[in-house]
Amino acid sequence: QVQLVESGGGLVQAGGSLRLSCEASGSIVSINAVGWYRQGPGTRRELVAGITSGGSTNYEDSVKGRFTISRDNAKKSAYLQMNSLRPEDTGVYYCNADLMAGDGHFYSDYWGHGTQVTVSS
């Protein structure tokens, strides 16, 4: 009934850009607060960027000015635009979201399965 799928990852050279998408489907009618997390090699999953249900955003210091998180309620999707990529941005990026289903059920902190981002030097 509920799906949350990340896409848009890949291999890119340093200085390049990628745009990650997080799409909710199935019975979901809206996507609310969203967080993009990254898990690098041998590291814990850490918050990279977040957007609240009200639209406020926050970013990990190292990505400020380079990454932009956004949400499109009509498309039930969230995005992470990543510019000026660096090798240290490499990792698996996960989408975490609060979701609302058509039957009124609220899913809190629902995780996608991740998309790999690799930045080469």
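Just so you know, all these numbers are worked out from the coordinates, no wet-lab data involved. Everything numeric here is computed off the predicted structure, so don't read it as measured data. Virtual Cβ from ideal backbone geometry, glycine too; neighbours counted across all protein chains shown.
Quick look at the numbers
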item: Convex hull per residue volume in Å³, alpha carbons only, for the chain; result: 90 Å³
item: Positive-end extreme of charge dipole, the range 34-121 - chosen from Gly104, Gly42, Val117 (charges on Cβ); result: Val117
item: Whole-Hz ³J(HN,Hα) from phi, Karplus 6.51 cos²θ - 1.76 cosθ + 1.60, for the range 37-54, glycine and proline x; result: 10, 10, 10, x, x, x, 10, 7, 5, 10, 6, 9, 8, x, 9, 7, 4, x
item: Debye log10 I(q)/I(0) for the range 1-49, one point scatterer per Cα, at q = 0.15, 0.27, 0.31 Å⁻¹; result: -0.56, -1.16, -1.21
item: Chain lengthening between Ser70 and Ser53 when straightened (0.36 nm per residue, less Cα-Cα); result: 5.0 nm
item: Shape category assigned to the range 71-121 from the gyration tensor of Cα positions, a/c cut at 1.5; result: prolate
item: Within the chain: Cβ-based charge dipole about Cα centre, in debye rounded to nearest 20 (Lys, Arg +1; Asp, Glu -1); result: 240 debye
